């Protein structure tokens with residue numbers, strides 16, 4: 001049977017003390033042997049060994065217990081009431097594992113806090129930049145008009161139009177920020193109902209037909225659908241997903257290109273909605289971060305196209321709120337395919 005560590009320590013300590021005592025006693029052996037005899041000496045050695053063992057054991061427990069008690073008091077995760085004198089010296093391995101678990105938890109907590117702090121700084125920097133650009137633009141046009149340009153009708157209308165576009169961009173950024181905040185803090189309340197996804201796609205096509213024509217981009221289905229395709233979801237939220245994806249395909253697609261929408265079976269319970277363009281595509285290095293807030297593949301080009309930089313992040317939140325998946329396939333120079341799943345209506 002394996003001895004407890006402190007018992008082993010006390011046993012060997014007692015043995016050493018006893019041997020030392022025997023050596024010392026050996027010097028006076030001839031003196032005391034005449035008076036006490038051999039049996040008395042052997043019995044005294046055994047008694048000395050037992051006494052030494054218990055004294056050493058008590059001292060070891062007392063020494064370790066006091067230091068562990070102080071440790072329990074200093075470490076918030078440990079409750080000093082859980083520490084007992086009789087277990088202080090026998091649960092060192094258990095304590096060690098508890099401390100390792102505690103340290104690992106704190107390490108992960110520090111890592112998460114560091115990442116969140118870094119994300120917070122990036123987020124605030126991005127928000128400031130997104131708001132600053134259109135705000136300064138609007139301010140510049142208004143100041144120019146106030147300094148006398150308002151008297152020139154042609155310049156006045158041109159500057160007012162540009163200022164209005166800057167305000168529209170500010171409104172879009174604030175709306176998206178408000179939506180992303182609600183999605184992350186309060187959760188997304190969904191009004192689930194059955195609807196025809198093909199009809200919804202066509203409505204979005206009609207909404208952005210003029211925008212697509214300006215870049216000579218064709219919006220169309222991948223095939224002729226003879227029957228409606230019914231799905232379950234929040235119509236308004238799924239419409240927002242389609243709007244964001246289709247607008248992105250128009251903004252970043254090649255002039256004279258196409259944006260193709262298709263709906264296929266994903267499995268027995270789900271459809272998959274695909275938004276395919278033949279634009280420039282996305283480099284592999286950008287794909288893992290593409291759904292992050294404010295992340296932009298091409299900073300200069302993205303600024304020119306406008307937008308809040310939150311569109312794909314909102315898409316991801318909405319799709320995941322439906323317990324569905326958002327997928328992306330892209331080949332740089334050839335185009336991209338954004339797709340998401342939806343539950344089939346029974």
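What follows is calculated from the coordinates using simple rules that are stated; it is not laboratory data. The structure presented is a predicted model; accordingly, all values stated were derived computationally and were not measured. So basically every Cβ, Gly included, is an ideal-geometry build from the backbone, and we count neighbours across all protein chains shown.
Based on the alpha carbons, how large is the Rg to Rh ratio for region 192-344 when Rh follows Kirkwood?
Value, to two decimals: 0.94.
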So residue 132 and residue 146, fully extended at 0.36 nm per residue minus their Cα-Cα distance, gain in nm 3.0 nm
Using a Förster radius of 51 Å, what is the FRET efficiency between residue 155 and residue 267 based on their Cβ-Cβ separation? Nearest 0.05, please.
0.30
Antiparallel as a % of all DSSP beta bridges within region 192-344, to the nearest 5?
90
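Between residue 289 and residue 323, what length comes free when the chain is fully extended (0.36 nm per residue of separation minus the Cα-Cα distance, one decimal in nm)?
Details: separation 34, 0.36 × 34 = 12.24 nm, distance 2.06 nm.
Here the answer is 10.2 nm.
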Which of 322, 286 has the fewest Cβ neighbours within 10 Å, and the rest in rising order:
286, 322
Would you mind calculating the gained length between residue 210 and residue 232 on full extension (0.36 nm times residue separation, minus the Cα-Cα distance), in nm to one decimal?
5.0 nm
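Using a Förster radius of 35 Å, what is the FRET efficiency between residue 21 and residue 113 based on their Cβ-Cβ separation? Nearest 0.05, please.
On the way: r = 59 Å, r/R0 = 1.68.
Working from the Cβ atoms, E equals 0.05.
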Divide the volume of the convex hull of the Cα atoms of region 183-262 by its number of residues and quote the answer in cubic angstrom per residue.
95
